[in-house]
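> My questions all concern the structure below.
The values are calculated or read from the model by the stated rules, or taken from the named source; none is laboratory data. These numbers were taken from a predicted model, which means no experiment stands behind them. As a convention, Cβ positions derive from the backbone with ideal geometry for all residues, glycine included, and neighbour counts pool all protein chains shown. Calculation scope for accessible area: heavy atoms of the full protein, side chains included, ligands and nucleic acids excluded. Shrake-Rupley method; radii C 1.70, N 1.55, O 1.52, S 1.80 Å.
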Amino acid sequence: DNQYCITLNKKAAAAYGTSAATPTVAILIAKLNEELLSAGKPPLGFVNPLFYKNPNAFNDVTKGNNNGRNGGTGGFDAAPGWDPTTGLGTPDFEKLKTVVMNAAK
């Protein structure tokens, strides 16, 4: 079900959605900054323009929806390209690393 394995109250649990994805993206950006700094380049700032100019650095998610748990309604379906459910898709670290290293001055 594309869930994250987390620890909650010292027990294994599953999580999904922005509560799980947000810290994951923060770690990804921190790791990209680590790569940049190791190469003597400045860290990333506001990443949205760079990411949106390089959608090929993400894996497009085209199936699924965010209708919620237990048969919820009113959400959005995933679609090719950007969509409100999955945005640009899931990040590909190696592709993003190439993008940020090439974009850094």
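> Would it be correct to say that Y4 is exposed (fewer than 14 other Cβ atoms within 10 Å of the Cβ) and among the aromatic types (F, W, Y)?
Working: exposed (fewer than 14 other Cβ atoms within 10 Å of the Cβ): no; among the aromatic types (F, W, Y): yes.
It is false that Y4 is exposed (fewer than 14 other Cβ atoms within 10 Å of the Cβ) and among the aromatic types (F, W, Y).
> Also, I was wondering about something else. May I ask you to list pairs of residues, at least six apart or on different chains, whose Cβ atoms are under 8 Å apart, with the first in the range 73-96 being in contact (Cβ under 8 Å) with a residue 12 or more places away in the chain and among the hydrophobic types (A, V, I, L, M, F, W, C) and the second being open to solvent by 40 Å² or more (accessible area, probe 1.4 Å) and part of a strand (DSSP E or B)?
A78/N65
> Now for a different question. Considering only residues that are farther than 12 Å from M101 by Cβ and open to solvent by less than 50 Å² (accessible area, probe 1.4 Å), which ones fall in the range 33-50?
Listed by number, the list holds a single entry, V47.
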